[in-house]
1. Restricting attention to region 232-241, does a residue exist that is aliphatic (A, V, I, L, M), within 17 Å of Leu117 (Cα to Cα) and modelled with pLDDT of 85 or more?
2. With the structure loaded, tell me whether Asp133 is open to solvent by less than 30 Å² (accessible area, probe 1.4 Å) and either out of contact with any Ser or Thr (no Cβ under 7 Å at 6 or more places or on another chain) or under 25 Å from Gly199 (Cα atoms) (or both) or whether it fails that test.
3. Starting from residues that are outside any helix (DSSP H, G or I) and of a type in the set (A, V, I, L, M), keep the ones in region 219-241 and report whichever is farthest from Leu103 (Cα to Cα).
4. Based on this model, can you work out whether Ala177 counts as among the small types (Gly, Ala, Ser), surrounded by 13 or more Cβ atoms within 10 Å (Cβ to Cβ), in contact with a strand residue (DSSP E or B) (Cβ under 6 Å, 6 or more places away or on another chain) and within 16 Å of Ala104 (Cα to Cα)?
5. Cβ contacts < 8 Å: first residue closer than 25 Å to Lys166 by Cα and in a strand (DSSP E or B), restricted to region 78-99; second residue open to solvent by 30 Å² or more (accessible area, probe 1.4 Å) and at pLDDT below 75, any location; separation 6+ or different chain. Result?
6. Return the pair list, or none, for Cβ contacts closer than 7 Å from residues in region 29-52 that are within 18 Å of Asn87 (Cβ to Cβ) to residues that are open to solvent by 60 Å² or more (accessible area, probe 1.4 Å) and not aliphatic (A, V, I, L, M), at least 6 apart or on different chains.
7. Please go through region 183-204 and give me each residue that is farther than 15 Å from Ala171 by Cβ, polar (S, T, N, Q) and either open to solvent by less than 60 Å² (accessible area, probe 1.4 Å) or in contact (Cβ under 8 Å) with a residue 60 or more places away in the chain (or both), ordered by number.
Amino acid sequence: SGSIALGRRVLGLPGGALPLEQAQAAAAVGQIRLARAYEEALAPHGVITAQVLLTLEDSADRRRYLNSRATMQTLLGLGVVPIVNENDTVATDEIRFGDNDRLAAQIAVTCGADQLLLLSDVDGLYTANPKTDPTARHLPLIAAITPEIEAMGGDPVSGLSKGGMKTKLMAARTAVAGGCAMAIAEGSVLRPLTAVAEGARTSWFLPEADPQLARKRWIAAMKPKGVIGIDAGAALALGRG
């Protein structure tokens, strides 16, 4: 979480994993500074910003999901740029998205976005980790997220984020199922959005041709939870359709 990373520096907390209460305290300190940074950066351009803090419960509960969607649509209708972040001050592991990639995909589906852009430390999806495998090949276009594509996702190596290519692929699955195209691009260059618009190397995931109905999109974007048990009789029934 960017807010925790920022807050822990302000508070002088040590590196590595933090106890829950310290992580949430760091988030409380970092969130206000993170929001202020966006406000100060966009204000000279006449852009009004808003801070929206969410937890997984806000998307899992149907009423709260619809309320979040209405709020986001209202903000966008008023010309406001909402800065969305996970509410790490109150979220526990049970109600966390856990990474900003999946949170971004959830927000894209919630808002009915056409495109989602994830900025990373690499310029797209490779057949293997390009930082450790010199034979890794860049994939500019992914028409379907197959098991082979999923196997290409590795774990994060930067030490700053909880994401990685694995979570970006999970985000892509959510986005494309909701009819939203998704791209992975390098975010460490100057003006990364302009770079993408001007043809910088990226990996694009194509949306599914037949977007799911709104309620199914909401269900599909949820974090999996629980276990379904199927006995022999149910298995036979399912086999018969």
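The values are calculated or read from the model by the stated rules, or taken from the named source; none is laboratory data. Keep in mind that what you see is a predicted model, and the values were worked out from it rather than measured. Cβ atoms come from the backbone with ideal geometry, glycine included; neighbour counts cover every protein chain shown. Note: areas computed on protein heavy atoms with side chains; ligands, DNA, RNA excluded. Shrake-Rupley method; radii C 1.70, N 1.55, O 1.52, S 1.80 Å.
1. Taking region 232-241 as the starting set, the residues that turn out to be aliphatic (A, V, I, L, M) are 232, 234-238.
From the residues that got through so far, the ones that are within 17 Å of Leu117 (Cα to Cα) too are none.
Scanning region 232-241, I find no residue that is aliphatic (A, V, I, L, M), within 17 Å of Leu117 (Cα to Cα) and modelled with pLDDT of 85 or more, so the answer is no.
2. Considered against the rule, which asks whether it is open to solvent by less than 30 Å² (accessible area, probe 1.4 Å) and either out of contact with any Ser or Thr (no Cβ under 7 Å at 6 or more places or on another chain) or under 25 Å from Gly199 (Cα atoms) (or both), Asp133 comes out as no.
3. Restricting to residues being outside any helix (DSSP H, G or I) and of a type in the set (A, V, I, L, M), the top hit is Ile230.
4. Details: among the small types (Gly, Ala, Ser): yes; surrounded by 13 or more Cβ atoms within 10 Å (Cβ to Cβ): yes; in contact with a strand residue (DSSP E or B) (Cβ under 6 Å, 6 or more places away or on another chain): no; within 16 Å of Ala104 (Cα to Cα): yes.
Answer is no for this residue.
5. Filtered contacts from region 78-99: Asn85/Ser1; Glu86/Ser1.
6. Ala35/Gln51; Thr49/Tyr38; Thr49/Glu39
7. Keep residues of region 183-204 that are farther than 15 Å from Ala171 by Cβ, which gives 186, 188-201.
Those left that are additionally polar (S, T, N, Q): 188, 194.
Selection gives Ser188 alone.
Listed here are the residues, each with its yes/no results for (1) small (Gly, Ala, Ser); (2) touching a helix residue (DSSP H, G or I) at 6+ places or on another chain (Cβ under 6 Å).
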| position | (1), (2) |
| --- | --- |
| Arg8 | no, yes |
| Leu75 | no, no |
| Asp88 | no, yes |
| Ala105 | yes, yes |
